[in-house]
1. Any idea how many residues of the range 159-179 are touching a residue at least 24 places away in the same chain (Cβ under 8 Å), surrounded by 22 or more Cβ atoms within 10 Å (Cβ to Cβ) and closer than 20 Å to GLY138 by Cα?
2. Regarding the range 190-201, can at least one residue be identified that is touching a helix residue (DSSP H, G or I) at 6+ places or on another chain (Cβ under 6 Å), open to solvent by 20 Å² or more (accessible area, probe 1.4 Å) and in contact (Cβ under 8 Å) with a residue 12 or more places away in the chain?
3. Within the range 205-213, can one find any residue that is over 23 Å from TYR85 (Cβ atoms), among the β-branched types (Val, Ile, Thr) and surrounded by fewer than 18 Cβ atoms within 10 Å (Cβ to Cβ)?
4. List the number of the failed condition for LEU102; all other conditions in (1) farther than 23 Å from ALA208 by Cα; (2) surrounded by fewer than 24 Cβ atoms within 10 Å (Cβ to Cβ); (3) touching a residue at least 24 places away in the same chain (Cβ under 8 Å) hold.
5. Give me a count of the residues in the range 84-110 that are part of a strand (DSSP E or B) and either over 19 Å from PHE56 (Cβ atoms) or of a type in the set (A, V, I, L, M, F, W, C) (or both).
6. Output the number of residues of the range 216-229 satisfying the condition of being assigned to a loop (DSSP other than H, G, I, E, B), open to solvent by 30 Å² or more (accessible area, probe 1.4 Å) and not charged (D, E, K, R).
7. Considering only the range 109-135, state which residues are under 30 Å from THR35 (Cβ atoms) and open to solvent by 20 Å² or more (accessible area, probe 1.4 Å).
8. Got a number for residues in the range 71-88 being in contact (Cβ under 8 Å) with a residue 60 or more places away in the chain and under 30 Å from THR35 (Cβ atoms)?
Amino acid sequence: MNIEHYIVVDQLGNGDVTTIQEALDLAPQNDIPFTIFINPGRYEEKLHIVRPNTHFIGTSKYNTTISYTSANGLLTKDGKIWGTYNSYVVNVDASDITFQSLAIENTFDFIGNQRLEENDPSRISATQAVALLIGHEGDRVQCIDCTLKSFQDTLYVSAGKSYFESTDIWGTVDFIFGGGTAVFNYCELVCRWREDTIEGEPLGFVSAPCTDIEAEYGLVFFRCELKRE
């Protein structure tokens, strides 16, 4: 195996490393194409991708998952509030990044949180929990045959250009949002059920673009399906 070109992640020890972060740490310090093959499993990791031309390929969006629990109102280990921008599971701050045949899920318990009494100190009001963030330096990012899953603010397209094909995006409130340019082709947009709304009132907006007025395009949906959980 030439580690300058690819590496295999297997959490059971049947690959080169057991975590995706280890694979990123071993990537060559240049911009040649580098592929990380991820074997089946749930990888509890919070990833900030800054190396360009890196490609993450799982075995299936049904059995290869990158997950983490964070939300705007939750506290980090050093006692700071995450905030929406930093509540991501995966943050892409590089160009030419590919995700294929895998799932990215923010496992914050939105339903459980909303069931708590208003005066319960463990209940948070800022429930934004990002699965995938296309960060300030992200550009030419693509997701092919993936699943992105959370409740509020699942996909944050903050900047750059991105492309999503045959990808399922699950959420409740503003779950596809941001100021970047993104094309969604043959994707399934799945509106998740929530219990904390008044009967007859909307459960939440599907998308919330903040496209710059000078930008030609913002969020473009082409041949997509809108479904309910």
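The values are calculated or read from the model by the stated rules, or taken from the named source; none is laboratory data. In this text, all values refer to a predicted model and were calculated from it rather than measured experimentally. Reconstructed Cβ throughout: ideal geometry from the backbone, glycine too, with neighbour counts over all protein chains shown. For accessibility, only protein heavy atoms count, side chains too; no ligands or nucleic acids. Shrake-Rupley method; radii C 1.70, N 1.55, O 1.52, S 1.80 Å.
1. 7
2. Yes: the range 190-201 contains one or more residues that are touching a helix residue (DSSP H, G or I) at 6+ places or on another chain (Cβ under 6 Å), open to solvent by 20 Å² or more (accessible area, probe 1.4 Å) and in contact (Cβ under 8 Å) with a residue 12 or more places away in the chain.
3. The answer is no, given that none of the residues of the range 205-213 is over 23 Å from TYR85 (Cβ atoms), among the β-branched types (Val, Ile, Thr) and surrounded by fewer than 18 Cβ atoms within 10 Å (Cβ to Cβ).
4. The single condition LEU102 does not satisfy is (2).
5. Pass one, the range 84-110, residues part of a strand (DSSP E or B): 90-92, 95-100, 103-106.
Applying the additional criterion that residues be either over 19 Å from PHE56 (Cβ atoms) or of a type in the set (A, V, I, L, M, F, W, C) (or both) yields 90, 92, 97, 99, 103-104.
Total satisfying the criteria: 6.
6. Residues meeting the conditions: 2.
7. Start the filter on the range 109-135 by keeping residues that are under 30 Å from THR35 (Cβ atoms), which leaves 129-135.
Selection gives nothing.
8. Number of matching residues: 3.
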